[in-house]
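Colleague: Take a look at this one; I'll ask things after.
Each reported figure results from applying straightforward, stated rules to the coordinates on display, with no laboratory input. Remember, predicted model here, so these are calculated numbers, not experimental data. Neighbour counts run over all protein chains shown; Cβ positions are idealised from the backbone, glycine included.
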Amino acid sequence: MASEKLTPKGMARRRLIGAAAGSAILAVTPATGGAGGVARAPGQGEESFDLLIRGGKVVDPSQNLEAVRDVAIRDGKIARLGTDIPVARARQVIDADAKMVTPGLIDLHAHVFPYVGPYGIEPDPYFLARGVTTAVDAGTSGAFTFPAFRRFVIERAATRIRALLHVVSIGMVAGSTPNMGELEDLRYCDPKLAARVAGENRDLIVGFKIRFSKQYTGANDLEGMRRARAAGDEAGLPIMIHIGGSYTPLPELLALMKKGDVVTHSFNSHPHGLLDESGALLPEVLAARDRGVWFDVGHGAGSFSFAVMERCLKQGFPPDTISSDLYSANLNGPVYDFPTTLSKFLLLGMDLSEVVRRATVNSARVFNFGAQLGTLQPGAEADVSVLELREGEFTFTDSDGKTRSGRQKLFPVVTVRGGKTFYPPAQPA
Ligand SMILES: [Zn+2]
């Protein structure tokens, strides 16, 4: 345990800034050697840091690390991980005592293109302020609307946003009520156009998305899958498919998926899911995982069932990645935010480090983010989540309205991205 105590003299040189939600953030006035100061300034023959996250329990599955460490940040990168890094070497200090420190959380399925269609929500208050440094927008935009998404949202957000471009060019401008599914009219599903827009925006578009539920597709889902395959192959990018109540049985859709593609809403309770009528995993699902298809959670308002998840866990089939599918209709429940989604896996019996793994290092491997994410190894992006694991009695609800009670819940405390700090909105104690 890092046990260095602040001396009274040291305390006098620090002033409290931006204290929020019970976490103290200390700005250290650079020592000058002047009146009353310790005559040792950062940078004088010693390593100095922009920010030090001190004394937290680091949970970083990329390094199999679960121990108290200080995390030092400089120039937007992780500079050092250690014990007892002197606070005087940092311009700003976050006291993470009794908190958990993880690589910045990566939410692989989110909707952050607000005001265009019914789904999108503001990225920074709902993601960055709540522990998520990278949010992948899963198909809210298509080729026709991506330029606006890029210019008016992604380029202005502090959250790192990457996009899965909807293979359907209008994206998700309509919801399911009234029923105007984006894949009902195949003229909008142009794989060449999707591949071209992806090619023109390779810095932000990391793959394609398509939704397979009858209300969005009519009878067109298999043809949509073929076109998604064509777009993916032409652009050299993976495809994420949304499942749950598809017109075509899942094995026929899976047959067109390759290594690196992603199934989201994997653990929903709708027809044509991962399980057969007896509750056993379909052989085609096991075969898809064997050839490198990822299975993601994508909780959402209608796509995560405790019962289905439990059946899959019992058969040795945990998710590869956990994601929230947070959007307008579920941010007041049952999803709320990404830390709440992660907490549901603790109550299902998954170890904390295995939960964090599925929101950090695993997620970082799924897409090419063009940056070193999901790890606190020196040299990686300085994306860090400070969370609190509270003990108590907590009720959690799945997408079917079923509740479970858990004894632990994760709460965001402060999130660091690029050396800057972001706080959650005030929460009831
Ligand atoms: Zn979604």
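Colleague: What area, in nm² and to one decimal, does the C-alpha convex hull of region 225-267 cast on average over all directions?
Modeller: Dividing the Cα hull surface by four gives the mean projection, 3.0 nm².
Colleague: Next question. For Arg226 and Glu391, compute 0.36 nm times the residue count separating them, minus their Cα-Cα distance, and round to one decimal in nm.
Modeller: My answer for the length gained is 54.6 nm.
Colleague: Could you list which residues have their amide H under 5 Å from that of Val413, counting only those 5 or more apart in sequence or on another chain, with H placed in the peptide plane?
Modeller: Residues meeting the criterion, in which the H sits 1.01 Å from N, are Val386, Leu387, Glu388.
Colleague: In region 103-366, what is the volume of the convex hull around the alpha carbon atoms, normalised per residue and reported in Å³?
Modeller: 109
Colleague: Farthest toward the dipole's positive end in the chain, which of Phe149, Tyr188, Leu387, given Cβ charges of +1 (Lys, Arg) and -1 (Asp, Glu) about the Cα centre?
Modeller: It is Leu387.
Colleague: Please give the FRET efficiency for Asp97 paired with Lys77, using the beta carbon to beta carbon distance and R0 = 35 Å, rounded to the nearest 0.05.
Modeller: 0.90
Colleague: Next question. Through the Karplus equation 6.51 cos²θ - 1.76 cosθ + 1.60, θ set to phi - 60°, convert the phi angles of region 327-339 into ³J(HN,Hα) values in whole Hz; use x for Gly and Pro.
Modeller: Once rounded to whole Hz, the list reads 8, 4, 7, 10, 6, 9, x, x, 8, 6, 6, 5, x.
Colleague: Of the DSSP beta bridges with both residues in the chain, give the percent that are antiparallel, rounding to the nearest 5.
Modeller: About 55 percent, rounded to the nearest 5.
Colleague: Let me ask something else about it. If amide H atoms are built 1.01 Å from N in the plane of the peptide, which residues on other chains or at least 5 residues away come under 5 Å of the amide H of Val262?
Modeller: For Val262, the qualifying residues are Ile239, Met240, Ile241, Trp294.
Colleague: Where does each of 205-214, 67-76 land if you order them by average Cβ count within 10 Å, highest first?
Modeller: In descending order of packing, they fall as 205-214, 67-76.
Colleague: Here is a further query. Where does each of 337-350, 276-289, 400-413 land if you order them by average Cβ count within 10 Å, highest first?
Modeller: Answer by packing, highest mean first, reads 337-350, 400-413, 276-289.
Colleague: What residue among Val263, Pro249, Ser363 has its Cα farthest toward the positive end of the dipole of the chain, where the charges are +1 on Lys, Arg and -1 on Asp, Glu, each on the Cβ?
Modeller: Of the candidates, Ser363 comes out farthest on the positive side.
Colleague: If you average the C-alpha positions of region 81-100 and of region 333-384 separately, how far apart do those two centres end up, in angstrom?
Modeller: The distance from the Cα centre of region 81-100 to that of region 333-384 comes to 22 Å.
Colleague: For Leu186 and Gln63 in one chain, what is 0.36 nm times their gap in residues minus the Cα-Cα distance, to one decimal in nm?
Modeller: Stretched out fully, the Leu186 to Gln63 stretch lengthens by 39.7 nm.
Colleague: Just how far, in whole angstrom, is region 113-156 from region 243-290 if you go by their alpha carbon centroids?
Modeller: 27
Colleague: Rounded to the nearest 500 deg cm²/dmol, what is the calculated helix-only ellipticity per residue at 222 nm for the chain, with -39500 (n - 2.57) per DSSP H run of length n ≥ 4?
Modeller: Computed mean residue ellipticity for the chain: -5000 deg cm²/dmol.
Colleague: So, one more: Return one quarter of the surface area of the convex hull spanned by the alpha-carbon atoms of region 43-199, equal to its mean projected area, in nm².
Modeller: Here the figure is 12.3 nm², rounded to one decimal.
Colleague: Another one. Name the residue, out of Leu193, Leu52, Leu237, whose mean-square fluctuation peaks in a Gaussian network model built on the chain with Cα pairs under 10 Å.
Modeller: Leu193
Colleague: Please give the FRET efficiency for Glu46 paired with Glu354, using the beta carbon to beta carbon distance and R0 = 30 Å, rounded to the nearest 0.05.
Modeller: 0.20
Colleague: By average Cβ neighbour count within 10 Å, what is the ranking of 106-114, 93-101, 224-232 from highest down?
Modeller: Going from most to least packed, we get 106-114, 224-232, 93-101.
Colleague: Given contacts defined as C-alpha pairs under 8 Å and at least six residues apart, what's the relative contact order of the chain, whole-number percent?
Modeller: Normalised by residue count, the contact order of the chain is 18 percent.
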